[in-house]
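Scroll down for the structure; my scribbles are underneath it.
The values are calculated or read from the model by the stated rules, or taken from the named source; none is laboratory data. Note that the coordinates shown come from a computational prediction; the quantities given were computed from them, not determined experimentally. Methodologically, a virtual Cβ is constructed for each residue, glycine included, from the backbone with ideal geometry; neighbour enumeration extends over all protein chains shown. Accessible surface areas use protein heavy atoms only, side chains included; no ligands, DNA or RNA. Shrake-Rupley method; radii C 1.70, N 1.55, O 1.52, S 1.80 Å.
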Amino acid sequence: MITYRDARAADAAALSAMARQSFVETFGTLYSPSDLATFLDDAFGANGLAAQLSDPEFTVRLAVEGDAIIAFAKMGPVTFPGEWRPDAIELYQFYVLAPWQGQGIAQEMMEWAIFHARDHGAREIILSVYVDNHRARRFYERYGFEEIGAYAFQVGETIDDDRLMRLAL
């Protein structure tokens with residue numbers, strides 16, 4: 001049975017391992033081993049995702065089956081360059097492991113993200129998505145996200161072409 005709950009500091013190691021696995025299974029072939037390793041350490045190492053679990057500005061929601069974390073969504077303050085509304089919130093990472101994709105978990109997590117944003121007074125959700133991640137882009141568009149610009153997303157020394165998307169709440 002799949003359950004949903006907020007992440008706790010004790011989840012740091014398992015969540016970081018799951019995030020690494022999900023990123024590698026989705027994007028691992030796009031990068032050199034050194035670029036991939038640098039990104040994984042920065043994003044999911046001790047100073048990345050793990051540290052944010054105890055930061056009150058971030059909230060991470062988990063989908064768990066048994067003892068395994070199978071999906072997560074992370075939200076917090078908007079960090080993209082530019083001017084953003086003070087009542088905007090960013091959806092940083094939205095990962096579902098491949099064996100659980102297509103089972104309604106992403107929909108449950110997105111409903112939580114929208115509820116969380118509204119519950120915290122946000123009037124819009126901002127996210128970035130890799131330009132060639134068509135499945136994710138279609139998913140976000142089904143919820144009303146609209147492309148609002150380009151974003152250079154760095155993975156090691158590689159600069160990816162991402163798209164910024166916005167959902168007005």
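Counting only residues that are closer than 17 Å to F27 by Cα and not β-branched (V, I, T), which one in region 128-150 is most open to solvent (accessible area, probe 1.4 Å)?
R135
Quick one: is A68 small (G, A, S), surrounded by 19 or more Cβ atoms within 10 Å (Cβ to Cβ) and modelled with pLDDT of 95 or more?
Taking the combined requirement at face value, the residue does not satisfy it.
Go through region 40-65 and count every residue that is open to solvent by 30 Å² or more (accessible area, probe 1.4 Å) and under 24 Å from T158 (Cα atoms).
4
Across region 19-39, what is the number of residues that are without any contact (Cβ under 8 Å) to a residue 24 or more places away in the chain and either open to solvent by 80 Å² or more (accessible area, probe 1.4 Å) or touching a Ser or Thr at 6+ places or on another chain (Cβ under 7 Å) (or both)? Reasoning before the result, please.
Step one: filter region 19-39 for residues without any contact (Cβ under 8 Å) to a residue 24 or more places away in the chain, giving 24, 28-29, 33.
Still in the running and either open to solvent by 80 Å² or more (accessible area, probe 1.4 Å) or touching a Ser or Thr at 6+ places or on another chain (Cβ under 7 Å) (or both): 29, 33.
Result for region 19-39: 2.
Inside region 125-169, can you point out the residues that are more than 19 Å from K74 (Cα to Cα), in contact (Cβ under 8 Å) with a residue 40 or more places away in the chain and outside any strand (DSSP E or B)?
Answer for region 125-169, where residues must be more than 19 Å from K74 (Cα to Cα), in contact (Cβ under 8 Å) with a residue 40 or more places away in the chain and outside any strand (DSSP E or B): G156, E157.
Name every residue in region 97-124 that is over 19 Å from Q52 (Cα atoms), outside any helix (DSSP H, G or I) and not basic (K, R), in order of residue number.
Kept after step one, since they are over 19 Å from Q52 (Cα atoms), are these residues of region 97-124: 97-108, 110-111, 114-115, 118-119, 121-124.
Narrowing the set further to residues that are outside any helix (DSSP H, G or I) leaves 97, 101-104, 121-124.
Correct list: L97, Q101, G102, Q103, G104, G121, A122, E124.
Considering only residues of region 71-93 that are over 16 Å from H120 (Cβ atoms) and assigned to a strand (DSSP E or B), which is most open to solvent (accessible area, probe 1.4 Å)?
This residue is Q93.
Residues to consider are A106, A113; find the one that is at negative phi and either of a type in the set (S, T, Y) or in contact with a helix residue (DSSP H, G or I) (Cβ under 7 Å, 6 or more places away or on another chain) (or both). So that I can check it myself, show each step before the final result.
Details: A113 fails: either of a type in the set (S, T, Y) or in contact with a helix residue (DSSP H, G or I) (Cβ under 7 Å, 6 or more places away or on another chain) (or both).
Just one listed residue meets the conditions, A106.
Applying the selection to region 5-23, what residues are assigned to a helix (DSSP H, G or I) and within 14 Å of the chain's Cα centre (by Cα)? So that I can check it myself, show each step before the final result.
The initial filter retains those residues of region 5-23 that are assigned to a helix (DSSP H, G or I), namely 9-23.
Within region 5-23, L15, S16, M18, A19, R20, Q21, S22, F23 qualify.
Does at least one position in region 33-49 carry a residue that is under 15 Å from L164 (Cβ atoms) and aliphatic (A, V, I, L, M)?
First, pick out the residues of region 33-49 that are under 15 Å from L164 (Cβ atoms): none.
Looking for residues that are under 15 Å from L164 (Cβ atoms) and aliphatic (A, V, I, L, M), one finds none in region 33-49, hence no.
Does P99 satisfy the condition of being open to solvent by 30 Å² or more (accessible area, probe 1.4 Å), closer than 18 Å to D162 by Cβ and either out of contact with any strand residue (DSSP E or B) (no Cβ under 9 Å at 6 or more places or on another chain) or of a type outside the set (S, T, N, Q) (or both)? Walk me through how you get there before you give the answer.
Details: open to solvent by 30 Å² or more (accessible area, probe 1.4 Å): yes; closer than 18 Å to D162 by Cβ: no; either out of contact with any strand residue (DSSP E or B) (no Cβ under 9 Å at 6 or more places or on another chain) or of a type outside the set (S, T, N, Q) (or both): yes.
Against the criterion (open to solvent by 30 Å² or more (accessible area, probe 1.4 Å), closer than 18 Å to D162 by Cβ and either out of contact with any strand residue (DSSP E or B) (no Cβ under 9 Å at 6 or more places or on another chain) or of a type outside the set (S, T, N, Q) (or both)), P99 does not qualify.
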